[in-house]
Amino acid sequence: MLKNFLGLFLMTFMICIFILLMQFVWMHVKDLVGKGVGIQVLAEFFFYAVISVVPLALPLAILLASLMTFGNLGEKFELTAMKAAGVSLFRIMQPLIIAIAFISVGAFFFSNYVLPASQVKLWTLIFSLRQKSPELDIPQGEFYKGINGYQIYVGHKDTKTGRLDNLMIYDLSKGFQDATVMVADSGRIFFTSDNHYLLLVLYNGESFENLNQQQQRATKTRERIPYRREGFAKKQILIDFNSDFNRFDESVLKDQHVSKNVSQLVHSIDSVNNIAQQRAAEQSKEMVNTKYFGRERQNGRQIDSLNTVALPPSIDSLYAHMTLTDQRRAMNTALDKAKTMADHVEYNNLLLDDSQRYIRKHAMELHRKFTLAFACLIFFFIGAPLGAIIRKGGLGAPVVISVILFVIYYIIDNAGYKMARESIWPVWAGLWLSSAVLLPIGIFLTYKAATDSALLNPEAWLKVIKPLINKLHFHIITFLNSLKERFAHIIKKH
């Protein structure tokens, strides 16, 4: 059993890793293409990307491998022979249950120690690739916008000598209002020795510079010069263009939830929760002491404006005894205080919301580390009995069924994740939603397989459906015959 399962598991795991890796690379293809990075950087990116897709590939591989293992046994009647010999399904599954238990424990330690370190390195590498300037490859016959602040048009390019003919350059580095347009018969592009600057050498051309902004900043005169024209035989332009690959510091992500293990996540949640509670208590105390029912502070002393005058029995009576001017002044004052109070409450809410969002992210990552291990167990107890029931091996029906079940799991898990992220549901409810839905399915399928139920046997379903179809057919024929006799009677009568 272990030999059959582990062979299929390794094969399906590699296939799932490859499929999910291609999907991950497609999402970040714009960060890789045209950057001119070396093979070592690309290999590092793919290595960390493989580690990042393991949490999705592992449960899917367990589901597919267990379904294929028991499907092959059922298709070859080996499972029937073992049951006929008195070996129960749970006894047959026992070595695989032990293996899956070890895999689940390993998945937890993987997500607790290996995954955080790889996530830090992966996202640091992605941020570094996003900041790297694209590889300089100016096409001919179209504008090139790969240099920040410049647009370059090349009519013809000699690939052997590097000569560029019929150049047109728009310098927008100072803004559109101060744009400079340069045309030249020919030119060349060089990199400086430190690869931090681009030297553009132009021959036999003219430049046109817009001076509208300079004129607006200068003293107003009657004479206006809209632009400046300059002819040159040779002109050199130094452009800031760093082509080196500079890595971000990994310490930027040290306080992010993806870089922490269980103990660090629990410590961060407790620390920020205490800070949030203390901040909320201080905000409540401040609002009650300084803003509530007209209380105000002057020179550190509290003044209760409601006790400074003898109030009538109600606020309405006080307002009715005021003159029209005082009433307007009182309404404006109350409106200003209400707006100030609303702004103050919204500001306090934003301060608390940052802490709550921080806590939610860390709590979701904490639950993720346990849901991965539990998902491995659930998918085994779905795949193994389902394979024993359908009795189909190979890569046909098992792949279709596995993909459908995994898509259902992914949709439910993603919906629960979004509910928890938006604070619509508690974090534990959103992260464990998929497990709570699939666990009863696994228990039901295991029970049906252990009791030799023909749950997905077409012949068994035909035995149930065929009498119903025959009965329905009899009623339809009887109804049609009665209609025929009635129409015949009506025709005969008329």
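Computing FRET efficiency as 1/(1 + (r/R0)^6) for residue 109 and residue 165, where r is the C-beta to C-beta distance and R0 is 60 Å, gives about 0.45.
Looking at region 37-111, the accessible area is 44 square angstrom per residue; that uses a 1.4 Å probe and ignores ligands, DNA and RNA.
By how many degrees, between 0 and 90 and to the nearest 10, does the Cα long axis of helix 433-450 differ from the longest principal axis of the chain? It works out to around 20 degrees. Against the chain, whose longest principal axis comes from its Cα atoms, helix 262-290 is set at around 60 degrees. Per-residue SASA remark: residue 447, around 140 Å² accessible (1.4 Å probe; ligands, DNA and RNA not included). Computed from Cα positions, the angle between helix 397-421 and the longest principal axis of the chain comes to roughly 50 degrees. The calculated FRET efficiency for the pair residue 335 and residue 408, based on their C-beta separation and a Förster distance of 41 Å, comes to about 0.15.
Judged by the ratio a/c of the largest to the smallest principal axis of the C-alpha gyration tensor, region 28-178 counts as prolate, that ratio being 1.5 or greater while a/b is larger than b/c.
Charged neighbours of residue 425, selected by a Cβ distance under 12 Å, balance to +2 (K, R count +1; D, E count -1). For the chain, the residue among 127, 251, 374 whose Cα projects farthest onto the positive side of the dipole built from Cβ charges is 374. Across the chain, the mean sequence separation of Cα contacts (distance under 8 Å, 6 or more residues apart), normalised by length, yields a relative contact order of 18 percent. About its Cα centre, the chain has a charge dipole of approximately 1560 debye under the convention of +1 per Lys or Arg Cβ and -1 per Asp or Glu Cβ, with nothing else charged. By accessible area, using a 1.4 Å probe on protein heavy atoms only, the chain has 61% of its surface on carbon and sulfur. With the Cα gyration tensor of region 1-116 giving a ≥ b ≥ c as the square roots of its eigenvalues, does the rule (a/c under 1.5 for rounded; else a/b larger than b/c for prolate; else oblate) give rounded, prolate or oblate? Verdict is prolate for region 1-116.
Computed on region 12-82, with alpha-carbon pairs under 8 angstrom and 6+ residues apart, the relative contact order is 51 percent.
Quick check: from the Cα gyration tensor, does the chain come out rounded (a/c under 1.5), prolate or oblate? Judged from the Cα gyration tensor, the chain comes out oblate (a/c at least 1.5, b/c at or above a/b).
The values are calculated or read from the model by the stated rules, or taken from the named source; none is laboratory data. As the structure is a computational prediction, the values presented were derived from the model and not from experiment. FYI the Cβ positions are ideal-geometry reconstructions off the backbone, even for glycines, and counts take in every protein chain you see. Heavy atoms of the whole protein, side chains included, go into the accessibility calculation; ligands, DNA and RNA do not. Shrake-Rupley method; radii C 1.70, N 1.55, O 1.52, S 1.80 Å.
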